[in-house]
Amino acid sequence: EAQVTQNPRYLITVTGKKLTVTCSQNMNHEYMSWYRQDPGLGLRQIYYSMNVEVTDKGDVPEGYKVSRKEKRNFPLILESPSPNQTSLYFCASSLRLAGHLRGNEQFFGPGTRLTVL
Amino acid sequence: AQKITQTQPGMFVQEKEAVTLDCTYDTSDPSYGLFWYKQPSSGEMIFLIYQGSYDQQNATEGRYSLNFQKARKSANLVISASQLGDSAMYFCAMRANPGAQKLVFGQGTRLTINP
């Protein structure tokens, strides 16, 4: 089954304790991305990756790190989490096509609900 | 810069009625795609329908159709014969040229279907 998986699904942690949220896709997609969702703000992009070893900042990258050592995996790292990073996080993947072409819809993981105390 | 605007924070509709969720967009790129996603209370993001900027016909997927008016830069989602299971948050999103790979999302519309 084609899917994007994220772990953990729920996490409660304390300020300053490093954590990693894993993301993996089995569709051989070049493009992967992390979003955070906050009430009233929709989804905002944190980081994205066009392919292995190619990553770049999105709209809200502060406080986050990513890596793309393998095509299927794109972990999100919070080196020193703070309460303002409490949010719902989504990983997504897609083919890398021109914007108007069919088939480039992004597939989302189930989400990770993070609470930083 | 690309922008998506959803002006309806919430909508209440009777079961079996049709419903239109509004979405307007702004981009200077000629090549773009428009998407609608559904987010039920369980939280996952479910892809519903896609419209490409060069598509001549409006997209349809089962009970979902997209009313694409390019000159007005609008991409409204129409759900025919609404069901209780359609109650969810709905997001309109846009993806422009490969140079801007991200999806830009609107703030969403919370749809509630009443029995």
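The values are calculated or read from the model by the stated rules, or taken from the named source; none is laboratory data. Given the structure is predicted, the values throughout are model-derived calculations rather than measurements. Positions of Cβ are generated from backbone atoms using ideal geometry, with glycine treated the same way; all protein chains shown enter the neighbour counts. The area values use the complete protein model at the heavy-atom level, side chains included, leaving out ligands, DNA and RNA. Shrake-Rupley method; radii C 1.70, N 1.55, O 1.52, S 1.80 Å.
Condition check ((1) closer than 27 Å to A:His29 by Cα; (2) hydrophobic (A, V, I, L, M, F, W, C); (3) over 10 Å from the mean Cα position of the chain (by Cα)) across all residues:
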| position | (1), (2), (3) |
| --- | --- |
| B:Lys38 | yes, no, no |
| B:Ser41 | no, no, yes |
| B:Gln56 | no, no, yes |
| B:Ala59 | yes, yes, yes |
| B:Leu66 | yes, yes, no |
| B:Gln83 | no, no, yes |
| B:Met89 | yes, yes, yes |
| B:Arg95 | yes, no, yes |
Would you be able to say whether some residue in the stretch A:35-56 is touching a helix residue (DSSP H, G or I) at 6+ places or on another chain (Cβ under 9 Å) and closer than 28 Å to B:Gln6 by Cβ?
yes
Considering only residues that are open to solvent by less than 10 Å² (accessible area, probe 1.4 Å) and modelled with pLDDT of 90 or more, look in the stretch B:26-42 and name the one that is nearest to the other protein chains (Cβ to nearest Cβ).
B:Phe35
Of all residues being in contact (Cβ under 8 Å) with a residue 40 or more places away in the chain and of a type in the set (Gly, Ala, Ser) in the stretch B:70-84, which is surrounded by the fewest Cβ atoms within 10 Å (Cβ to Cβ)? Just the residue, please.
B:Ala81
Residue hits (the stretch A:40-87; within 13 Å of another protein chain (Cβ to nearest Cβ), touching a residue at least 40 places away in the same chain (Cβ under 8 Å) and not hydrophobic (A, V, I, L, M, F, W, C)) are A:Asn51, A:Ser87
Where in the stretch A:4-117 are the strands (runs of 3 or more DSSP E), entirely inside, with at least 2 residues that are at pLDDT below 95?
A:31-38, A:42-51, A:54-57, A:87-94
Looking at the stretch B:54-69, which of its residues are modelled with pLDDT under 95 and either under 18 Å from B:Ser31 (Cβ atoms) or buried (at least 16 other Cβ atoms within 10 Å of the Cβ) (or both)?
B:Tyr54, B:Asp55, B:Gln56, B:Gln57, B:Ala59
Out of the residues in the stretch B:83-106 that are at pLDDT 95 or above and in a loop (DSSP other than H, G, I, E, B), which is nearest to the other protein chains (Cβ to nearest Cβ)?
B:Ser87
